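Enquirer: One structure, as structure tokens, below. Some questions next.
What follows draws every value from the coordinates through simple rules; no lab data is involved. Because the structure is a prediction, the values reported are computed rather than measured. Heads up, the Cβs are rebuilt from the backbone with ideal geometry, glycines too, and the neighbour counts pull from every protein chain shown.
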Amino acid sequence: MIDTHCHLDVPRFDADRSDVLTRAWAAGVTGLVIPAIGPTAWEALLGWPQRDPRVQVGLGIHPQLLPSLPADQDERHLALLDSMLAKGGAIAVGECGLDGPSEAGAPIERQLRILHEHFELAHRYKLPLLVHCYRAHPHLQRYLKEHPIPEAGLLMHSYSGSADLTGFYVKAGCHFSFAGPVSFPEARRPLEALKKIPLERLMGETDAPDQAPHPHRGERSEPAWLPLILDSMGTYLGVELRERTTQNARRFFRCGFGVA
Ligand SMILES: [Zn+2]
């Protein structure tokens, strides 16, 4: 299984990162994707796949980080991102996207400008895009009506849109990854969305350290819990999803996990 989105580089894993990885491999996870949150993470992340090819990385600027990054540094950061991607070694552009609650510190115009640059970089380097969209769907929809998704694809991470919205994103060609909330006993919305998605566009993620699945809700999430997420999706749909989502992830991240 491949955890398509986990932040194992953050300080919450400093004390026991290698134990977390050991538990993931023991649970049947064979690969994972760490999407960078911002510029200070890029250099260190690029070294990780060289040490262990089961760990692959994306490079980008998370919209929730923007309020703490000075806007007058955006151009410099984006130029740096371009040069880091040019080195090779990243299998995706992201994490990037739009975040409603962050609008107070980073106006949506700035968020859209930076998202647009990530689209351009994904086109330029022929890499898939890892997109966060939380309480900002009307803006993303408007953007996608005018800009095609990168040819290598776009993954809506921790997808939380309604069933209606899902039809739009499916038509736009997006892939979808679900995190812990899909496994909560009272889950409704993610399950309604799940039914609308072609099986070959589905993936799973732990979004560690956040969004731990049932029965670990509220704890620090970790990749070893990916099977709980995939199995709750599979049970709901009545299909086998461990193998299928692994194949989907291998195809989507086609330069990672030993697949040329
Ligand atoms: Zn994330």
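Enquirer: What distance in nm separates the simple spin-label points at residue 135 and residue 75, each placed 7 Å from Cα in the Cβ direction?
Expert: Output for this residue pair reads 3.2 nm.
Enquirer: In Å, what is the Rg of the alpha-carbon atoms in segment 1-145, and how long is Dmax?
Expert: That works out to 15.4, 45 Å for Rg and Dmax.
Enquirer: Just to check I understand the Karplus step: with θ = phi - 60° and J = 6.51 cos²θ - 1.76 cosθ + 1.60, what whole-Hz values come out for segment 80-87, glycine and proline as x?
Expert: Along segment 80-87, the couplings run 5, 4, 4, 6, 5, 5, 5, 5 Hz.
Enquirer: Something else now. Dipole size in debye (nearest 20) for segment 2-252 around its Cα centre, Lys and Arg Cβ +1, Asp and Glu Cβ -1? Working shown, then result.
Expert: Numbers: 26 positive and 31 negative charges, 127 e Å.
Roughly 600 debye for segment 2-252.
Enquirer: A follow-up question, please. Which of the three applies to the chain, rounded, prolate or oblate, going by the alpha-carbon gyration tensor with a ≥ b ≥ c and a/c under 1.5 meaning rounded?
Expert: Taking the square roots of the gyration eigenvalues as a ≥ b ≥ c, the chain is rounded.
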